[in-house]
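The values are calculated or read from the model by the stated rules, or taken from the named source; none is laboratory data. Since the model is a prediction, treat every value here as computed from it, not as a measurement. A quick note on method: Cβ atoms are made from the backbone with ideal geometry, for glycine too, and the neighbour counts reach across all protein chains shown. Heads up: the accessible areas ignore ligands, DNA and RNA and are worked out on the full protein's heavy atoms, side chains in. Shrake-Rupley method; radii C 1.70, N 1.55, O 1.52, S 1.80 Å.
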Amino acid sequence: VVDQKTDDAVAEGNVAATLAGSGSVEPTHVTARQATLHKATQLAVFEGSPTKQARLWQDASQVEAATIIVDRQNKTLVARPASAGGTVHSVFASEPKPGAPAKPGASKTPSILRVESRLLEYSDAEHDAVFTGPVKMDGSLGEVRGQKTIVYFTPAVMDSSKSGGEMGAMGGSLDRVVVAGGVTLDEPGRHGTGEQLVYKAADGSFVLTGTPTVMPRIVDALQGTVTGASLLFRAGDKGDSTIVVTGAPAGEQKPQRVRIETRVRQKAE
């Protein structure tokens, strides 16, 4: 149904839409039960059904939710569930930055992030995706849980004169990830807990921090149990089990205790 005065439109029943890209921008595809398109504001609202969520994908990244709102004018995307307890499912496939010099520990394979959250807010201008939760993320980083996760991207190289104002491929290359609020990290042979976790894709490093009263903690199959104000380590697939411990954050006068418990295997007689 098209309003001839405003050119707004509503489509119902097995909706399949393509928001055409231009230049180096990949087109965005959507399937939904219903779509409402507002021409003046360039806002597109896609609704799923009780049995099948709306689905949006661009290149290898995709989002599934009860409601997906695409703001083509401001180049943002919002995805939310039908109820407070519902879930938004997202997959971000981030290619290594083309032409960038190889750095020690940097991965040459695409970074895959699968995220379950209560809300997703993506901004192409800010190059970030904000997930509020509880949030569960797994993939190249292991399994990480927290209350809020922000994924920052390095924008893909594009010809701005040909982009036509369209959103990029929902990311570009992965830059860093910040997880906050009751953080847990699980990798093969390693379990960590803290208040904030920062991951940097350039070198595959994690920094886990806690609060003034509760320090971060890592239980590692090789290092044992390690606690400290700040714990620095690399992703498990980097082949480096070293955990660097900082006793007190920079600028803090009062020193904090560092504790390491190492398990030593006894040789069989």
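Out of (1) in contact with a Phe, Trp or Tyr (Cβ under 8 Å, 6 or more places away or on another chain); (2) modelled with pLDDT of 85 or more; (3) charged (D, E, K, R), the odd one out for Arg217 is which?
Every condition holds for Arg217 apart from (1).
For region 86-95, state whether one or more residues are modelled with pLDDT of 95 or more and open to solvent by 60 Å² or more (accessible area, probe 1.4 Å).
Within region 86-95, one or more residues are modelled with pLDDT of 95 or more and open to solvent by 60 Å² or more (accessible area, probe 1.4 Å).
Test Val10 against the stated conditions and say whether it is β-branched (Val, Ile, Thr), out of contact with any Lys or Arg (no Cβ under 9 Å at 6 or more places or on another chain) and closer than 21 Å to Val151 by Cβ.
So Val10 does not fit the description; no.
Only one of these is without any contact (Cβ under 8 Å) to a residue 24 or more places away in the chain and closer than 21 Å to Phe131 by Cα: Glu64, Glu47. Name it.
Glu47
Kindly indicate the residue of region 106-127 that is open to solvent by less than 70 Å² (accessible area, probe 1.4 Å), under 21 Å from Ala235 (Cβ atoms) and in contact with a strand residue (DSSP E or B) (Cβ under 6 Å, 6 or more places away or on another chain) and also modelled with the highest pLDDT among those meeting that condition.
Selected residue: Val115.
All but one of (1) more than 19 Å from His127 (Cα to Cα); (2) surrounded by fewer than 19 Cβ atoms within 10 Å (Cβ to Cβ); (3) at pLDDT 95 or above hold for Gly239; state the number of the condition that does not hold.
Tallying (1) more than 19 Å from His127 (Cα to Cα); (2) surrounded by fewer than 19 Cβ atoms within 10 Å (Cβ to Cβ); (3) at pLDDT 95 or above, Gly239 fails exactly one: (3).
Could you check, for region 29-40, whether at least one of its residues is free of Cβ contacts under 8 Å to residues at least 60 places away in the same chain, closer than 30 Å to Leu174 by Cα, part of a loop (DSSP other than H, G, I, E, B) and not polar (S, T, N, Q)?
Looking for residues that are free of Cβ contacts under 8 Å to residues at least 60 places away in the same chain, closer than 30 Å to Leu174 by Cα, part of a loop (DSSP other than H, G, I, E, B) and not polar (S, T, N, Q), one finds none in region 29-40, hence no.
Do we have any residue at all in region 243-252 that's surrounded by fewer than 11 Cβ atoms within 10 Å (Cβ to Cβ) and either modelled with pLDDT of 55 or more or over 25 Å from Gly142 (Cα atoms) (or both)?
Within region 243-252, one or more residues are surrounded by fewer than 11 Cβ atoms within 10 Å (Cβ to Cβ) and either modelled with pLDDT of 55 or more or over 25 Å from Gly142 (Cα atoms) (or both).
Identify, please: which residue in region 138-156 is over 23 Å from Ile218 (Cα atoms) and open to solvent by 30 Å² or more (accessible area, probe 1.4 Å) and is, among those, modelled with the lowest pLDDT?
Among those residues, the one meeting the criterion is Ala156.
Considering every residue within region 53-64, establish whether at least one is among the β-branched types (Val, Ile, Thr), buried (at least 18 other Cβ atoms within 10 Å of the Cβ) and under 23 Å from Asn14 (Cβ atoms).
yes
Collect the residues in region 2-24 that are within 16 Å of Asp71 (Cα to Cα), at pLDDT below 95 and either open to solvent by less than 40 Å² (accessible area, probe 1.4 Å) or in a loop (DSSP other than H, G, I, E, B) (or both), keeping them in residue-number order.
Across region 2-24, the qualifying residues are Ala17, Leu19, Ala20, Gly21.
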